[in-house]
Amino acid sequence: MTVAAVPERTRPGDEAAGRSLAGLLVTPVFLVAVSAALYLYVRGLDLDAIERRSLDRSEITHQFLQHIKLVAVSTALVLAIAIPLGVLVTRPGPNRLSAPLLALANVGQAVPSIGVLVLLAVTVGIGFQKAVIALILVSALPVLRNTMVGLQGVDRSLIEAGRGIGLSRTAVLFRVELPLAVPVILASVRVAVILNVGSATLAAFTNAGGLGDLINTGISLNRTPILLTGSVLTAVLAMAADWLIGIVELVLRPRGL
């Protein structure tokens, strides 16, 4: 019997991976270009004393790191709270709590970010911790909802197959359900991070620091270079965070999905 050699064809998944790889390379180059353009723009200006003080390198670095800290802490807590909660309410028994839990989470999502921050500032005070609580209330819903949707969307036959080969409920959850729900969950993590990066600029109104201080100073003192620097750095941080999560998603996504 003669076996004919069949040329290997490019699979749709490979083409998508190639496009994703190209996208991952374009984003950091674009962000470096934007940051360099901002640096050259500010460097070419004749700054007054207020602008020089606000745009000092150490001051910008401090605000930038403070912003990252706000986003990182609030996002980590969102993941630690929303994902286990989403898993819990998809299990038999506690799933009766899914509707009221989503309704409660919707309240936090429906109230504007500035409203949540002001409400917490008036009731429990101001500062870093209160800003983190506000960011959690704002961004927890997408992760909670997508965790539930991702787990509920797993093919029941795959779950039954896992149980059929002797896996426990916990093993099925960690070896079948969660891996298949990863793309949906990570999509919500991207949304939560972007929400937190943007909403964290409002934390400046509650004395929590971050790039919002630059934006607020630029607006209140009518200093365009300060306002532009705070805004551009916030956008760069949001895109960089989205890029990093995209890499994580590419690594964790199960093959074939």
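Things to note:
- Restricting attention to region 211-227, the residues that are open to solvent by 30 Å² or more (accessible area, probe 1.4 Å), in contact (Cβ under 8 Å) with a residue 60 or more places away in the chain and aliphatic (A, V, I, L, M) add up to 1.
- Each residue in region 123-133 was checked for being open to solvent by less than 40 Å² (accessible area, probe 1.4 Å) and modelled with pLDDT under 85, and 2 of them qualify.
- Every pair of residues 6+ apart whose Cβ atoms lie under 8 Å, when the first sits in region 118-146 and is in contact (Cβ under 8 Å) with a residue 60 or more places away in the chain and among the polar types (S, T, N, Q) while the second is open to solvent by 30 Å² or more (accessible area, probe 1.4 Å) and assigned to a helix (DSSP H, G or I): Ser139/Val191; Ser139/Leu195; Asn146/Val184; Asn146/Ala187
- Selection count where residues are not polar (S, T, N, Q) and not in a helix (DSSP H, G or I), scope region 149-170: 6
- Only residues that are open to solvent by less than 10 Å² (accessible area, probe 1.4 Å) and polar (S, T, N, Q) were counted across region 137-185, and they come to 2.
- Hits in region 42-81 (condition: under 14 Å from Ile185 (Cβ atoms) and without any contact (Cβ under 8 Å) to a residue 12 or more places away in the chain): Ala80
Condition check ((1) surrounded by 14 or more Cβ atoms within 10 Å (Cβ to Cβ); (2) assigned to a helix (DSSP H, G or I)) across all residues:
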position	(1), (2)
Thr61	no, yes
Leu70	yes, yes
Val73	yes, yes
Ala80	no, yes
Thr90	yes, no
Ala103	no, yes
Ala121	yes, yes
Leu135	yes, yes
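- The condition of being modelled with pLDDT of 90 or more and either touching a strand residue (DSSP E or B) at 6+ places or on another chain (Cβ under 8 Å) or in a helix (DSSP H, G or I) (or both) holds for only one of Leu227, Leu173, Leu186, that being Leu227.
- All positions within region 186-210 that are open to solvent by 20 Å² or more (accessible area, probe 1.4 Å) and within 8 Å of the chain's Cα centre (by Cα): Arg190, Val191, Ile194, Leu195
- None of Leu135, Leu151, Leu102 is closer than 29 Å to Ala204 by Cβ and within 23 Å of the chain's Cα centre (by Cα) except Leu135.
- Pairs where the first residue, in region 82-106, is in contact (Cβ under 8 Å) with a residue 12 or more places away in the chain and the second is among the polar types (S, T, N, Q) and open to solvent by 50 Å² or more (accessible area, probe 1.4 Å), C-beta under 7 Å, 6+ apart: Val89/Asn95; Thr90/Gln152
- Condition met for Ser113 (within 19 Å of the chain's Cα centre (by Cα) and in contact (Cβ under 8 Å) with a residue 60 or more places away in the chain): yes
Listed here are the residues, each with its yes/no results for (1) at pLDDT below 90; (2) under 30 Å from Leu151 (Cβ atoms).
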site	(1), (2)
Val29	no, no
Leu38	no, no
Leu45	yes, no
Val71	no, yes
Ala82	no, yes
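The values are calculated or read from the model by the stated rules, or taken from the named source; none is laboratory data. Keep in mind the model is a prediction, meaning the values are calculated, not measured. Here the Cβ is made from the backbone with ideal geometry for all residues, glycine too, and neighbour counts use every protein chain on show. Please note that ligands, DNA and RNA were not included when accessible areas were found on the heavy atoms of the full protein model with its side chains. Shrake-Rupley method; radii C 1.70, N 1.55, O 1.52, S 1.80 Å.
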